[in-house]
Amino acid sequence: MVLDKIAYASQWRKKSPYLKSALATGTLLICTCAQSFVISAIALLVMSWLAVSCGKTSPAYFIKLLAAPLLFLTAGTAVIAVNFSPDPLDLCNLAFADGYIAVSRASLLYALRLACVSLASVSCLYFLSVTTPMPDLIVVLRSLKCPWLVIELMVMMYRYIFVLLDMAVAISRAQDCRLGNRDAKTAIYSMGSMLSAVLMKALQRASQLFDAMESRCYDGKLHLLNETWQTRPSERVAAGGYLAGLAAAAFLCRSFGGI
Amino acid sequence: MTEKTILSVRGLSYTYPDGTKALQGVDLDVRQGEKVAFMGANGSGKSTFFLHLNGVYKPSAGSVYIDGVPINYSRKGLLQVRRKVGIVFQDPDSQLFSASVAQEISFGVLNLGASQEEAKNKVDAVIEELEIAPFREKPTHFLSGGQKKRVSIADIAVMEPDIIILDEPSSALDPYHVEMIDALIDRLSQRGITVLLSTHDVERAMCWADRVVLFCEGKIAAQGSPEEIFSQEELMELTHLKKPVIYQLFDSLKDAGMLPQGLPVPRTVQQLTHYIEHAKENKEQRSKTQQL
């Protein structure tokens, strides 16, 4: 929910979501195809710069976001770097049972590269999340001909997450005031009754919402205004130039032995 | 207000699937441009009644006529009815489904078959008119109660209906927003729109309504001008309503001989103040003539 607030507060909120999506997905694609340290570093820097310096997201928050998948990344890549081999490998060996737990130069490089590419890719998505609120993304998805059922579910879920969350918070607070979290047992009981109350209210709201939509001539499909922020030609040129440059750099890196 | 009857209801009854008799034989006629206030305890059937007026609920017995034509419950017929009769729901959170204000307002017009461009123009016009512009770029979940209410009225106003029904429009609002919503409703009436609303505020009904309709246990207990309705003590007791303060004050002033008998009941504080000033002047004049 914090992410939602940050996206709305972003200085880049009023940039076209098409432009931002193109920047994020373009960088993501080039970065994953290139599998290169240099390109990953460039992508990470550019995305962070756009988010923090242009979008004015607080750098601390952006770093915190990036740190979130770090644990998962280190665990995942460590498994790739470390091998079990019958013969000793070139970097580091530890005798174990009949063979060695060993790290080779190649596997270490591969693991490091993978970690860098992953981190850079995640930064692309974070850039999009901290600058573009959900409704803008939905507009992009709609024009990409994403199935309407998915779109409509997104519209409704996004709106009602907040309504139901408010409800849950209010009920929990009221329970707190009546010592509903006095010990573990009461806390579990309170949680259960809060969830069932929210479920009941959600069902009630769903039927009210349906009545309200019927009153506005709902015909089974959500017809909505497809209005969004415009791009300036200069922005399009700059984004195109950047992506072309990045692609060219990726190509060069490949030809020079894939650093 | 014209003499033309825009809405009539005959023998309307409705029983919920669980057997609750929500409405039992309701008859009502509303004239074009009329301002009707519906009053009555919670659960007396006001909201259920409203949902019959645009065909969301189908009566168990009786019928609803819009412009003299009974509601046709086919898809096409309902579309016609809902183009003419719009409902603003009590709780904006069960009406607003989109996080974007402009998208939310566009839903109804687009359903009526407007093109994207037409819809955009109409949405912009309504946003301007209802003073939504300062928060149009905020997501729905960051709006205050009063702002949400304004958006939910815009939702309906943009469809340009002939009749607008508001279910307790000022509930849970602060006085500032109550006043703003009241002004907004007045503007709708001035455009010639027939406005039906439910309220618990007797003062508001007294000064606003052309007619007050009292609901009690699924039936219309009484209807008439605010003066007629609020003068009946037994009726007030039956529906647990209080006589408007202005009316009580007017009665006490008359009883104390400070106001002459036979004046029409004042509907606003200004009107009562005017009476008092007038009475005072008269008295002063009388004492002067006596001195002479």
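The values are calculated or read from the model by the stated rules, or taken from the named source; none is laboratory data. Computed from a predicted model, the values in this text were never measured in an experiment. Because the Cβ atoms are built from the backbone with ideal geometry, glycine has one as well, and the counts that use them run over all protein chains shown.
Out of B:Leu272, B:Leu263, one residue alone is closer than 21 Å to B:Ala205 by Cβ and in contact with a Lys or Arg (Cβ under 8 Å, 6 or more places away or on another chain). It is B:Leu263. If B:Val26 passes every condition in (1) closer than 20 Å to A:Asp211 by Cα; (2) of a type in the set (Val, Ile, Thr); (3) in contact with a Phe, Trp or Tyr (Cβ under 8 Å, 6 or more places away or on another chain) but one, which one does it miss? With (1) closer than 20 Å to A:Asp211 by Cα; (2) of a type in the set (Val, Ile, Thr); (3) in contact with a Phe, Trp or Tyr (Cβ under 8 Å, 6 or more places away or on another chain) applied to B:Val26, the lone miss is (1).
Filter the stretch A:13-50 for residues that are within 14 Å of chain B (Cβ to nearest Cβ) and surrounded by fewer than 21 Cβ atoms within 10 Å (Cβ to Cβ) and give the result. Hits for the stretch A:13-50 are A:Arg13, A:Lys14. For the condition farther than 21 Å from B:Ile185 by Cβ, modelled with pLDDT of 95 or more, surrounded by 15 or more Cβ atoms within 10 Å (Cβ to Cβ) and out of contact with any Lys or Arg (no Cβ under 6 Å at 6 or more places or on another chain), B:Val9 qualifies. Taking the stretch A:105-149 as the range and being surrounded by 17 or more Cβ atoms within 10 Å (Cβ to Cβ), of a type in the set (Gly, Ala, Ser) and more than 21 Å from the chain's Cα centre (by Cα) as the test, the residues that pass are A:Ser107, A:Ala111.
Does the stretch B:260-272 contain at least one residue that is part of a strand (DSSP E or B), modelled with pLDDT of 90 or more and touching a Leu at 6+ places or on another chain (Cβ under 8 Å)? So far as the stretch B:260-272 goes, no, none of its residues is part of a strand (DSSP E or B), modelled with pLDDT of 90 or more and touching a Leu at 6+ places or on another chain (Cβ under 8 Å).
Within the stretch A:100-136, being of a type in the set (Val, Ile, Thr) and over 29 Å from A:Ser58 (Cβ atoms) holds for A:Ile101, A:Val103.
With respect to B:Pro17, is the statement that it is without any contact (Cβ under 8 Å) to a residue 24 or more places away in the chain, more than 14 Å from B:Gly218 (Cβ to Cβ), more than 13 Å from every other protein chain (Cβ to nearest Cβ) and surrounded by fewer than 15 Cβ atoms within 10 Å (Cβ to Cβ) true? No; evaluated as a whole, the condition is false for this residue.
For the stretch B:231-259: of the residues being β-branched (Val, Ile, Thr) and assigned to a helix (DSSP H, G or I), which is surrounded by the most Cβ atoms within 10 Å (Cβ to Cβ)? Among those that are β-branched (Val, Ile, Thr) and assigned to a helix (DSSP H, G or I), it is B:Ile246. When you scan the stretch A:168-186, do you find a residue that is touching a helix residue (DSSP H, G or I) at 6+ places or on another chain (Cβ under 9 Å), among the acidic types (Asp, Glu) and either over 30 Å from B:Gly108 (Cβ atoms) or touching a residue at least 40 places away in the same chain (Cβ under 8 Å) (or both), even just one? The answer is yes; a qualifying residue exists. Condition check: more than 28 Å from A:Phe251 (Cβ to Cβ) and of a type in the set (Val, Ile, Thr). Does A:Val79 satisfy that? Against the criterion (more than 28 Å from A:Phe251 (Cβ to Cβ) and of a type in the set (Val, Ile, Thr)), A:Val79 qualifies. When A:Ser123 is tested against the conditions (1) outside the structural domain of A:Thr32 (by TED's automatic domain parsing); (2) within 29 Å of A:Ser53 (Cα to Cα); (3) not hydrophobic (A, V, I, L, M, F, W, C), the lone failure is (1). What residue, among those in the stretch B:10-26 that are of a type in the set (S, T, N, Q) and part of a strand (DSSP E or B), is nearest to B:His52 (Cα to Cα)? Here the residue is B:Ser13.
Among residues of the stretch A:23-39 that are more than 13 Å from A:Ala244 (Cα to Cα) and touching a residue at least 12 places away in the same chain (Cβ under 8 Å), those with a beta-carbon under 7 Å from a residue that is outside any helix (DSSP H, G or I) and aliphatic (A, V, I, L, M) at least six positions away or on a different chain give the pairs A:Ser36/A:Ile259; A:Phe37/A:Ile259; A:Val38/A:Ile259.
Taking the numbered list (1) within 14 Å of another protein chain (Cβ to nearest Cβ); (2) closer than 30 Å to A:Met47 by Cα; (3) surrounded by fewer than 15 Cβ atoms within 10 Å (Cβ to Cβ); (4) not aliphatic (A, V, I, L, M) in turn, A:Trp229 passes all entries but (3). Against the numbered list (1) within 13 Å of chain A (Cβ to nearest Cβ); (2) touching a residue at least 24 places away in the same chain (Cβ under 8 Å); (3) of a type outside the set (Lys, Arg); (4) not in a helix (DSSP H, G or I), B:Ser47 comes up short only at (4).
So for the stretch A:110-117 (the condition being touching a residue at least 60 places away in the same chain (Cβ under 8 Å) and small (Gly, Ala, Ser)), does at least one residue qualify? Among the residues of the stretch A:110-117, not one is touching a residue at least 60 places away in the same chain (Cβ under 8 Å) and small (Gly, Ala, Ser), which makes the answer no.
Against the definition (in contact (Cβ under 8 Å) with a residue 24 or more places away in the chain and part of a helix (DSSP H, G or I)), how does A:Ala238 come out, yes or no? No: the conditions fail for A:Ala238.
Within this structure, A:Lys185 passes the test of being charged (D, E, K, R), loosely packed, with under 12 Cβ neighbours inside 10 Å and assigned to a helix (DSSP H, G or I). Answer yes or no as to whether B:Leu110 is facing chain A (nearest Cβ under 8 Å) and out of contact with any Phe, Trp or Tyr (no Cβ under 9 Å at 6 or more places or on another chain). The answer is yes for B:Leu110. Taken over the stretch B:27-44, the criterion of being more than 15 Å from B:Val85 (Cα to Cα), aliphatic (A, V, I, L, M) and in a strand (DSSP E or B) is satisfied by B:Leu28, B:Ala37, B:Met39.
A:Asp219 fulfils the conditions (1) assigned to a helix (DSSP H, G or I); (2) within 14 Å of chain B (Cβ to nearest Cβ) except for a single criterion, (1).
When B:Val88 is tested against (1) farther than 28 Å from A:Leu165 by Cα; (2) more than 8 Å from chain A (Cβ to nearest Cβ), only condition (1) is not met.
All of (1) in contact with a Phe, Trp or Tyr (Cβ under 9 Å, 6 or more places away or on another chain); (2) not in a loop (DSSP other than H, G, I, E, B) hold for B:Lys58 with one exception: (2).
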